[in-house]
Amino acid sequence: MRRKFSLRLLAAVALTCTSVGAYAADDVKVGLMLPYSGTFAELGQNITNGFKLAIDQKGGKIAGRTIEYVELDDESAPAKANENANKLIRRDNVDVLVGTVHSGVALTMARVAKNTGALMIIPNAGANELTGALCSPNIFRASFSNWQAGYAVGALMAQKHKTAVSLAWNYAAGDEQTAGFKEAFEAGGGKVLKHLSLPFPNTEFQPLLTEIATLQPDAVYAFVAGAAQVKLTKDYEASGLKDKIPLYGAFLTEGTLEAQGSSAQGMLTALHYADGLDNPKNQAFIEAYKKAHGETPDVFAVQGYDSAQLFIAGLEAVNGDTSKKEDMIRAMENAKLDSPRGPLSFSKSHNPVMNMYIREARGDQNVMVGIAVEALADPSPDCKR
Ligand code: PHB
């Protein structure tokens, strides 16, 4: 009896060891370092939902290997980014680091990725440097650069207005998107009268709106994002400016139209996605996303989805063998993705080349009403590779 028991115990221990060992070797680990709290919480969640949808559509396995997730809330806190990224890469041994939303956090993540050689896919953060001075074979972006986002809005506004005031959070995303806006707006004959800024994630807009009322520009360009954009459009409407000085932005109405109510109706924005874009991939994506999550996807869900599509392209090219990193990177560089946003390819610096659409907020949709810039690529002059 005793002997039988210990044999059984031995067998159980052996079985556990084997299955633990096999599990670690067989699975591919995806580190999702995203904001799951604070101003950008919803963006982080939608990116996660989009990423997982693409993997689930493949049955949860790529090239025979099960995808496992390690999720970490980065809190949009640049000061915590170094420790968090190192934790995922060195302790959890993730095969790919996916993150993040906030440009400042992503810049630190990219430095860690560059130093360790870890594969990194950026599903939102626009910091120009990520595919500029910091560009690296192992770093890819599936979203946009801040220059691209600002430039498209500047091109749109130059078609309609002569003078503008800009308003943005004063960190990389606000500074760089505003610079892209100014470049295109002034190249198109416009003049930026003044730039107004406030710290991230501050939402005390009133003094800035008072200044706008005094300056009387033809239009206003703004970058704040996530929950803050709801407060901005509502404050803008409440201050009586909405019908006098039109407000523009890239992201200002994205994913938040319901909460914004009348304050966003009629607003024009320029971005690399529009609700209901008329292509078969987008129609299928919207349907699948609604079924999985009970809501309509936004650009952040699309960016998460495409981050996964890009990773899948790499993993399938090496038949799941992540040790063949160079081959994986080559396949990702050359990927031509069928994205819900339309055709998506990558420039030499690993940044998306894509159409930038003009959208009008109607009801709960950002409806495409034109193209601001076709196949826009970030020139990435600082990427020396
Ligand atoms: C950024 O920090 O790069 C950022 C954040 C939120 C956005 C866009 C860009 O909606």
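The values are calculated or read from the model by the stated rules, or taken from the named source; none is laboratory data. Note that the coordinates shown come from a computational prediction; the quantities given were computed from them, not determined experimentally. Virtual Cβ from ideal backbone geometry, glycine too; neighbours counted across all protein chains shown.
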*Name the pairs whose Cβ atoms lie under 7 Å apart, with the first residue in region 241-260 and in contact (Cβ under 8 Å) with a residue 12 or more places away in the chain, the second away from the ligand (no atom under 15 Å from the Cβ) and of a type in the set (F, W, Y), and 6 or more positions between them or separate chains?*
K242/Y236; L247/Y236
_Restricting to region 160-175, name every residue that is out of contact with any strand residue (DSSP E or B) (no Cβ under 9 Å at 6 or more places or on another chain) and either more than 16 Å from the ligand (Cβ to nearest atom) or assigned to a helix (DSSP H, G or I) (or both)._
A172
*Listing of helices (runs of 4 or more DSSP H) fully contained in region 30-145 that carry 1 or more residues being within 13 Å of the chain's Cα centre (by Cα)*: 41-56, 103-116
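Is it the case that V367 is within 18 Å of the chain's Cα centre (by Cα) and of a type outside the set (F, W, Y)?
Against the criterion (within 18 Å of the chain's Cα centre (by Cα) and of a type outside the set (F, W, Y)), V367 does not qualify.
State all residues of region 196-242 that are assigned to a loop (DSSP other than H, G, I, E, B), within 16 Å of the ligand (Cβ to nearest atom) and out of contact with any helix residue (DSSP H, G or I) (no Cβ under 7 Å at 6 or more places or on another chain); if no residue qualifies, say none.
Residues satisfying the conditions are P199, F200, N202, A225.
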*asked:* For region 117-141, which positions are away from the ligand (no atom under 13 Å from the Cβ) and in contact with a strand residue (DSSP E or B) (Cβ under 9 Å, 6 or more places away or on another chain)?
replied: A118, L119, M120, I121, S136, N138, I139, F140
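In this structure, is F300 within 12 Å of A274 (Cα to Cα), modelled with pLDDT of 95 or more and in contact with an Asp or Glu (Cβ under 8 Å, 6 or more places away or on another chain)?
Against the criterion (within 12 Å of A274 (Cα to Cα), modelled with pLDDT of 95 or more and in contact with an Asp or Glu (Cβ under 8 Å, 6 or more places away or on another chain)), F300 qualifies.
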*Kindly indicate whether G150 is within 16 Å of the chain's Cα centre (by Cα), within 16 Å of the ligand (Cβ to nearest atom), in a loop (DSSP other than H, G, I, E, B) and buried (at least 21 other Cβ atoms within 10 Å of the Cβ).*
no
*asked:* If I filter region 316-332 for residues that are touching a helix residue (DSSP H, G or I) at 6+ places or on another chain (Cβ under 9 Å), of a type outside the set (A, V, I, L, M) and within 13 Å of G50 (Cα to Cα), do I get at least one hit?
replied: no
*Search region 358-385 for residues that are crowded, with 22+ Cβ neighbours inside 10 Å and pair each with any residue that is among the charged types (D, E, K, R) when their beta-carbon atoms are under 6 Å apart and the residues are at least 6 apart or on different chains.*
N366/D275; N366/R359
